[in-house]
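In what follows, a single structure is set out as structure tokens and then discussed.
Rule-based calculations on the coordinates, nothing more; no lab input. Quantities reported herein were computed from a predicted structural model and do not represent experimental measurements. Neighbour counts are summed over all protein chains in view; Cβ atoms, including those assigned to glycine, are modelled from backbone coordinates with ideal geometry.
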Amino acid sequence: MVYSVLALVVALLPGARWRSLGAAGLVLVALGAAGDAIGAGGADTTFTTINEILAGAGGALIAAAAVQAFRQRAVIVRTNAPVYSPAGCAGRLDLLLLGGLGVSLLAPNLIVTTVGTAMAIAAGARRTMREGKRLWLVPLLISAALFVAALVMYLVLTGPLGTTIRTLSDAPVSPAAERTLALLFGIGGLLVAALPPLHRAPWGLFLTPVAAIILTRVMIPGLPGGMEAWRPAAMGLLVAGFGWLALRREWIAATAVGGLAALWSATPDVTYAGGALVLWAWLADRFPWLEGGESASRWLGLLSLPPLLALRPALEGALQGEVLISTVAALLLFGALLLDARHRTSVGTAPLY
């Protein structure tokens, strides 16, 4: 409850600099609260003290940002600067993409899920062809081939009756086969996960929901052993991309990659938080939410509230999966937000985190 209130305070801070500074403090609060929740009941005094120091320092930073923001009474002005949109495709809905994502999300078995994934990738390929950048088709073709190869392997191992989504966890798959399947699905998802430099591809964040759907519907319930085997490498790669994007202040892409890193932890209750981060980033990339007059701008900070609220549960789940990698991700985010605050003025709307 306290964290939610602090997130709301940060979202409503006037002025870009102070909102960035407040968000940096919120990262420390989330890190301390997540660490305390993980170690509840079994942590030693030193660990608990460190978490309390982190939470206290974060709270103090938020308070300082709030005081400075309201002391200066920063004027929120309309900005014509465009929202960062890697693919430059904001505002347009692609029916083939939406159909593919819907089929993948609602399909009762793995065969139909793969068909929906192929439809979404085809939408990305069509966009790439329209822009005349045929070389960028290679990652999409590899991703589609890996998904199909994983499906064929699964069919060989279990037969058509073993591909029901509800029973994936009961399928007779050996540990070695599970690791191979997780590798195929995992690499296929990472190729459309907006990792640098692929976040600059013509499809940009267009296909990030594909990676999230494969993780949540197929890999987490059906391939837990395989995910555990490849989790350090996958999360390390995603956190490296997340840090790069955050330090470059490309917040929307960083949010998507951070959500996928949380999903790769495959821990209980992380599905909703990681999925929310990916969905928010996809919507933010599709629709230019920073447009609006002065009265609307005063409340634009509320649009950053969903990822701020999802930060704590996502970080808590990620810490349960990989402590060191997740801590590095939180510290990278903290440093990136401090740099963001340094480079921004106290006038104008804050970025969408």
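The length gained by stretching the chain between L137 and V2 to full extension, at 0.36 nm per residue less their Cα-Cα distance, is 43.9 nm. Evaluated at 4 °C with a viscosity of 1.567 mPa s, what Stokes-Einstein diffusion coefficient in µm²/s does segment 95-289 have when Rh comes from the Kirkwood expression over alpha-carbon pairs? D = 78 µm²/s. Distance between the pseudo-spin-label points of A37 and R130 (7 Å out from Cα toward the beta carbon): 4.0 nm.
When each of the peptides 170-181, 141-152 is scored by how many other beta carbons lie within 10 Å of its residues on average, the order from highest to lowest is 141-152, 170-181.
By the count of other C-beta atoms within 10 Å, a proxy for reagent exposure, I53, I213, I38 are ordered fewest to most as I53, I38, I213. Take the Cα of L303, step 7 Å toward its Cβ, do the same at L324, and the gap between the two points is 4.0 nm. Between the residues A318, T117, A34, the greatest Cα displacement towards the positive end of the dipole of the chain, with unit charges on the Cβ of Lys, Arg, Asp and Glu, is found for T117.
Taking other C-beta atoms within 10 angstrom as a stand-in for reagent exposure, W244, W280 fall in the order W244, W280, fewest first. Less than 20 Å from a label point 7 Å out along the Cα-to-Cβ axis of V156: which backbone N atoms in segment 98-115 qualify, by residue? In segment 98-115, the label zone of V156 (backbone N under 20 Å from the point 7 Å along Cα→Cβ) covers 110-112, 114-115. For the chain, a simple Cβ point-charge model (Lys and Arg +1, Asp and Glu -1, everything else neutral) yields a dipole of about 1200 debye relative to the Cα centre. Of the DSSP H helices in the chain, those that are both long (alpha-carbon extent of 15 Å or more along the helix axis) and hydrophobic (Kyte-Doolittle mean at least 1.6) are 95-106, 137-158, 323-343. Over the chain, the reciprocal of the mean inverse Cα-Cα separation, the Kirkwood hydrodynamic radius, stands at 20.8 Å. When the helices of the chain are scored as -39500 (n - 2.57) per DSSP H run of n ≥ 4 and the total is divided over every residue, the value at 222 nm lands at -22500 deg cm²/dmol.
As a rough footprinting exposure proxy, the listed residues F70, F185 were ranked by other beta carbons within 10 Å of their own, and the order from fewest upward is F70, F185. As a length-normalised measure over Cα pairs under 8 Å and 6 or more apart, the relative contact order of the chain settles at 28 percent.
Taking label positions 7 Å along the Cα-Cβ direction at both L283 and A176, the computed distance is 4.6 nm, reported to one decimal.
Shown is the FRET efficiency for L98 and V148, computed with R0 = 22 Å from the Cβ-Cβ distance and rounded to the nearest 0.05: 0.50. Multiplying the residue separation of I50 and R342 by 0.36 nm and removing their Cα-Cα distance gives an extension gain of 102.5 nm.
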